[in-house]
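Novice: Sharing a structure, written as structure tokens. Questions coming.
All of the numbers you see were taken from the coordinates with simple rules; none came from a lab. Bear in mind the structure is a predicted one, so any value in this text is a computation, not a measurement. Reconstructed Cβ throughout: ideal geometry from the backbone, glycine too, with neighbour counts over all protein chains shown.
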Amino acid sequence: MANLYHIITYGCQMNEHDSENIAGLLEAMGYEYADDAYEADIVVMNTCSIRENADKRFFGVLGQFKKLKKTNPDFILCVCGCMPQQPRVIEEIKKSFAWVDVIFGTQNIKQFPELLDARIRTGRKQMAIIDNNPVVEEDMEPKRVFRHKALVNITYGCNNFCTYCIVPYTRGREKSRTIKDVKCEVERLCADGVKEVMLLGQNVDSFKDAATGGTFADLLRELDTVDGLERIRFMTSHPKDISDDMISCYQTCSKLCHNIHLPVQCGNDRVLKRMNRHYDRARYLDRVAKLREVCPDITISTDIIVGFPGETEEEFEDTLSLCKEVRYDSAFTFIYSPREGTPAARFEDQIPEEIKHARFDRLVDCINEISLEKNKCYVGGTYDVLVEGISKNDDCIYSGRTDGFKLVNFTVPEGIALTDGTIVKVQITDAKTFSLEGRLI
Ligand code: SAH
Ligand code: SF4
Ligand code: F3S
């Protein structure tokens with residue numbers, strides 16, 4: 001029997017996609033996937049360090065694998081992703097988790113088979129971490145989680161250095177792929193049955209084809225011509241860089257979904273400046289107005305941080321008022337978490353935990369109320385839904401997403417079976433805060 005592997009993935013879609021590549025590399029080496037980490041011979045932990053709780057959870061889970069080392073002498077534990085890009089984490093692993101076998105960075109994924117092989121041959125710990133790989137690691141064969149949708153990187157790294165954020169330190173400087181390479185990849189995916197692509201970059205709007213100077217809008221227009229592709233999504237857009245040309249794509253590119261994730265982080269200009277976001281509230285609201293002018297049915301989601309150092313009560317209320325003004329379809333809300341090595345962690349006016357939590361609760365209430373009101377507007381309407389799966393408990397309930405990324409759980413008559421990736425018409429019968437309910441037409 002082949003040896004078994006398991007991958008534990010934390011963090012964002014960049015990590016999810018990296019894990020697909022790591023799985024592809026392991027399967028090319030002859031390993032087979034195990035559902036249960038405790039049955040695997042190799043476990044890879046693909047880590048995230050965006051907030052402190054991600055950090056804590058990682059060390060907690062890591063500790064549990066020590067037992068496996070005792071019961072299975074051949075067990076190999078690998079750690080990759082954003083955590084080991086930080087020197088303090090490497091020190092901690094060396095000090096308290098010296099039994100970890102292979103450590104590799106976010107820009108050393110292609111080297112993983114070599115490292116694993118060396119570990120197995122020599123029995124010695126292997127490590128490869130580079131801060132800024134000038135070469136874009138391409139041409140891996142990912143093992144995709146879904147048949148009908150795929151994650152596609154368009155840029156790697158980030159140059160923005162928002163003062164709270166660890167990502168520029170863990171993913172290196174921003175590098176764009178070429179439009180030609182991205183299009184080739186999307187064409188191959190569509191030939192293999194993919195209907196929807198999610199283009200990934202920390203700031204997709206700063207995409208710049210190094211060969212042709214082509215912009216993100218140029219890339220969207222190219223991808224819109226790919227045969228078999230039904231839906232194009234992307235994340236994340238940056239309010240400082242999103243251009244009128246990009247926004248015009250909502251009119252000209254028929255495959256571009258009417259949805260955008262446009263993180264605002266905060267509604268107050270002084271805080272935005274201290275966050276180093278390079279836009280103000282007026283610019284943000286102008287971008288939202290432009291998006292809605294070009295694409296009236298666009299759904300908008302966002303990311304918000306509460307309790308950034310120095311945020312006053314009035315400044316926090318500016319965030320609430322902005323949410324009421326924009327009326328987001330949904331929002332990811334975060335309590336500010338100081339990350340060692342980032343400028344904001346050194347700001348002196350850190351906000352006490354209880355104030356941060358109280359603001360967080362108020363924000364969540366405000367967001368949820370708006371989400372529910374917005375979802376209620378869908379009731380009675382009929383929408384195209386791309387089927388994503390069937391309920392575990394009931395063969396007559398499927399789930400899928402509208403073009404605007406609304407999650408829909410819908411019933412189908414007995415005896416009808418739907419395939420993932422097909423687009424069906426669903427009438428919406430009820431609305432909840434985070435999803436819609438409906439029935440197949
Ligand atoms: N590149 C994307 C976001 C990547 S991180 C962008 O610029 O929008 C995802 C989200 O995590 C961020 O938008 C931010 O809201 C949140 N986040 C990042 N660092 C954080 C920190 N130190 N504390 C709390 N939330 C943070
Ligand atoms: Fe972090 Fe800002 Fe870069 Fe987003 S744009 S990854 S928040 S530094
Ligand atoms: Fe986490 Fe790294 Fe993504 S810190 S959010 S896995 S870029």
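Novice: Normalised by the number of residues in the chain, what is the relative contact order in percent for Cα pairs under 8 Å and 6+ residues apart? Can you show the working numbers first?
Specialist: Details: 859 pairs, mean separation 43.7, N = 441.
For the chain, the relative contact order is 10 percent.
Novice: Reachable lysines from K208, Cα under 28 Å, same-chain residues fewer than 8 places away excluded?
Specialist: K110, K143, K149, K175, K180, K183, K195, K240, K255, K273, K290
Novice: Explain nothing, just compute: Karplus ³J(HN,Hα) = 6.51 cos²θ - 1.76 cosθ + 1.60, θ = phi - 60°, for every residue of the range 253-269 in order, whole Hz, x for Gly and Pro.
Specialist: 9, 5, 8, 6, 5, 7, 7, 9, 9, 10, x, 9, 6, 5, x, 10, 5
Novice: Can you tell me how the range 151-305 classifies by the Cα gyration tensor, rounded, prolate or oblate, using a/c under 1.5 as the rounded cut? Display every interim value, and only then the final one.
Specialist: Working: a/c = 2.09, a/b = 1.38, b/c = 1.51.
Since a/c reaches 1.5 but b/c is at least a/b, the shape of the range 151-305 is classed as oblate.
Novice: Please list, ordered by chain and number, the residues whose modelled amide H lies under 5 Å from the amide H of M127; skip anything fewer than 5 residues away on the same chain.
Specialist: The list, which skips near neighbours in sequence, is I103.
Novice: Quick one: if the Förster radius is 41 Å, what FRET efficiency do T433 and I129 give, using the C-beta to C-beta distance and rounding to 0.05? Before the final figure, lay out the partial values.
Specialist: Details: r = 41 Å, r/R0 = 1.01.
Between T433 and I129 the formula returns 0.50.
Novice: Taking θ as phi - 60°, what are the ³J(HN,Hα) couplings along the range 55-70 by the Karplus curve (6.51, -1.76, 1.60), each to the nearest whole Hz, with x for Gly and Pro?
Specialist: Karplus values, whole Hz, x for Gly and Pro: 4, 4, 4, 4, 5, x, 5, 3, x, 5, 6, 4, 4, 5, 4, 6.
Novice: What's the longest uninterrupted piece of the chain once you rule out the trypsin sites (Lys or Arg not before Pro) that are loop residues per DSSP with at most 11 other Cβ within 10 Å? List each step's numbers first, then the result.
Specialist: Details: sites that count: R124, K392.
Free of exposed loop sites, the longest segment is 125-391.
Novice: Still on this structure, I have one more. Take R292, project a point 7 Å from its Cα along the Cβ direction, then tell me which residues of the range 254-285 have their backbone nitrogen under 19 Å from it.
Specialist: Residues 258-268, 280-285 qualify, since their backbone N sits under 19 Å from the label point.
Novice: So what is the relative contact order of the range 158-264, in percent, for Cα pairs below 8 Å that sit 6 or more residues apart? Provide the component values of the computation, followed by the final result.
Specialist: Numbers: 149 pairs, mean separation 27.9, N = 107.
For the range 158-264, the relative contact order is 26 percent.
Novice: Here is a further query. In terms of modelled amide H atoms, which long-range or inter-chain residues lie less than 5 Å from the amide H of I76?
Specialist: I42, V43
Novice: Among the aspartates and glutamates, select those whose C-alpha is under 14 Å from the C-alpha of K376, and discard any that sit fewer than 8 residues away in the same chain.
Specialist: Excluding near neighbours in sequence, the set is D329, D430, E437.
Novice: Ordered by residue, what ³J(HN,Hα) values in Hz, to whole numbers, does the range 221-231 give under the Karplus form 6.51 cos²θ - 1.76 cosθ + 1.60, where θ = phi - 60° and Gly and Pro are x?
Specialist: Result, ordered by residue: 5, 5, 5, 4, 8, 6, 5, x, 6, 9, 9 Hz.
Novice: Is it possible to state the helix-based mean residue ellipticity at 222 nm for the chain, with each DSSP H run of 4+ residues giving -39500 (n - 2.57), the sum divided by total residues, to the nearest 500 deg cm²/dmol? What is it?
Specialist: -10500 deg cm²/dmol
Novice: Out of the DSSP beta bridges found with both residues in the range 143-298, what percent are antiparallel (nearest 5)?
Specialist: 20 percent
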